[in-house]
Amino acid sequence: MRTGVWLVGARGSVATTSIVGGLALRAGLAGPTGCVTELPELRGPALPSFADLVFGGHDLATTPLCKRAEALADAGVVPGRLVAALPDELAAVEQELRPAPAGVTQADRAAAAVDDLTSFRERHALDRVVVVNVSATEPTPRPHPGHADPDALRAALTGPDEVLPPSSLYAYAALLASCPYVDFTPSTGLRLPALAALAEELRLPYAGHDGKTGETLVKSVLAPMFAMRNLAVRSWSGMNLLGGGDGATLADPAANAAKVQSKQRVLGETLGYVPQGGTRIEYVEELGDFKTAWDLITFAGFLGTGMRMEFTWHGCDSALAAPLVLDLARLTAAAHAAGHVGPLPELGFFFKDPLGAPTHSLAEQWTRLTEFTRQLHAGRDGGHDHVG
Ligand SMILES: NC(=O)c1ccc[n+]([C@@H]2O[C@H](COP(=O)([O-])OP(=O)(O)OC[C@H]3O[C@@H](n4cnc5c(N)ncnc54)[C@H](O)[C@@H]3O)[C@@H](O)[C@H]2O)c1
């Protein structure tokens, strides 16, 4: 199953690491550590192989991909020997990267993006193209009447207003080009009534949102533990320090607010109440792609005895995210091939703020994911709707 992976934000850290990793796996130069779809419980014939993946994408930036890859190697995010071994493969992907679509109205820009996607699919004789948003986090957009339904949206996009934020305009173009869509970011993406209805109308699946790679991943394991032992979590405070492009974007209070909201949801929904405390994100340029999270949890046990737990997470964000981007592209392609439509709650395992009928517990998400994948492999699923 030849599958295009179209990355919005294709020259960013997560995208570049995904591309280098995908090319290295295809060439047999690296093992699949971190790729969930290579575990025995998920591996199987329904998923496109790494050799089946063809990369392309949009970005506002113009830095050559090989330079971005070298910079990530210098920063210790990807091994330099892999970047050095893949010059032709990286140059071939460079040919498939396009500038952010231009046009007078947002309808014109969407049409230009659709052209980019359809010509990519045709040029490489791809069975399908999965669009994955790994672009910079956006602030939450202001409501607009065009967000209500597909007709209102189509009409509004031809006018002078900025109706959709960029992530949603890319999602709209993905749908018009018959591409399933994955949102790895906390941005709005497909989460507007008009776009959800359009995905249903056009019979396309989508997944999101906001990749779960660090502090929230640990929270989604620990919070169910406190809940299952009937321990009362009194407070849960987290401090995240990160650099890199994502850190710089999150220095903007509006983008930061979107991310913090996405990170806190797991506690309220897993515990059934919201403990005191919050999550803070601070930009520290020096840290580059390496993130530190400190969490302090205070909780009460039998007869109210107070206790505390602390953890520190030192993660390389892009190295944690990139294998999941490859996993999501493979799983969403298989779901599309099987005829799934609408949000894919079974992929909630990968996200901080899962779409569809969410459970935040990693263990429950794992059970749903493995069952879903088993059905995809068995070809018994037959493609039922998941529009919620
Ligand atoms: N790394 C992780 O662990 C992780 C986890 C969850 C979510 N994310 C999200 O993934 C996204 C990417 O993270 P990153 O570290 O690669 O960031 P980055 O800043 O390195 O890359 C973002 C890229 O998007 C491009 N871009 C910005 N606006 C664009 C537009 N309108 N059209 C096309 N391209 C555009 C930028 O030029 C840049 O190349 C962020 O939104 C981040 O919040 C990352």
| said: Scan the stretch 86-103 and tell me whether some residue there is β-branched (Val, Ile, Thr) and within 16 Å of the ligand (Cβ to nearest atom). | reply: yes
| said: Being within 13 Å of the ligand (Cβ to nearest atom) and either in a helix (DSSP H, G or I) or basic (Lys, Arg) (or both) is the filter here; which residues of the stretch 311-341 pass it? | reply: Asp317, Ser318, Ala319, Leu320, Ala321, Ala322, Pro323, Leu324, Val325, Leu328
| Could you say which residue among Thr118, Thr158 is closer than 28 Å to Ile19 by Cα, at pLDDT 95 or above and away from the ligand (no atom under 16 Å from the Cβ)? | Thr118
| task | Just one of (1) surrounded by fewer than 20 Cβ atoms within 10 Å (Cβ to Cβ); (2) acidic (Asp, Glu); (3) assigned by the TED database to the domain that holds Lys352 trips up Glu269, so point out which. | result | (3)
| request: Test Thr312 against the criterion of being surrounded by fewer than 20 Cβ atoms within 10 Å (Cβ to Cβ) and of a type outside the set (A, V, I, L, M, F, W, C), and give yes or no. | output: yes
| message | Looking at the stretch 94-109, I want the residues that are touching a residue at least 60 places away in the same chain (Cβ under 8 Å) and surrounded by 12 or more Cβ atoms within 10 Å (Cβ to Cβ) and have a partner that is among the charged types (D, E, K, R) and in a helix (DSSP H, G or I) with Cβ atoms under 7 Å, at least 6 apart or on another chain. Which pairs are those? | response | Pro101/Arg109; Pro101/Asp116
| query | If we scan the stretch 125-138, do we find a residue that is closer than 21 Å to Val325 by Cα, at pLDDT below 95 and touching a Lys or Arg at 6+ places or on another chain (Cβ under 9 Å)? | reply | yes
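Considering the stretch 284-297 alone, what residues qualify as being within 15 Å of Lys219 (Cβ to Cβ) and away from the ligand (no atom under 14 Å from the Cβ)?
Trp294, Asp295, Leu296, Ile297
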| note | Checked against (1) more than 9 Å from the ligand (Cβ to nearest atom); (2) under 27 Å from Ala71 (Cβ atoms); (3) of a type in the set (Gly, Ala, Ser); (4) at pLDDT 90 or above, Gly211 satisfies every condition except (1)
| task | Could you please give the count of residues in the stretch 180-201 that are modelled with pLDDT of 95 or more and within 16 Å of the ligand (Cβ to nearest atom)? | result | 10
| the stretch 214-258 - residue that is in contact with a Phe, Trp or Tyr (Cβ under 6 Å, 6 or more places away or on another chain) and in a loop (DSSP other than H, G, I, E, B) and, of those, farthest from the ligand (Cβ to nearest atom) | Leu231
| task | Scan the helices (runs of 4 or more DSSP H) fully inside the stretch 1-91 and keep the ones with 1 or more residues being exposed (fewer than 14 other Cβ atoms within 10 Å of the Cβ). | result | 65-74, 80-85
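The values are calculated or read from the model by the stated rules, or taken from the named source; none is laboratory data. Keep in mind the model is a prediction, meaning the values are calculated, not measured. Neighbour counts run over all protein chains shown; Cβ positions are idealised from the backbone, glycine included.
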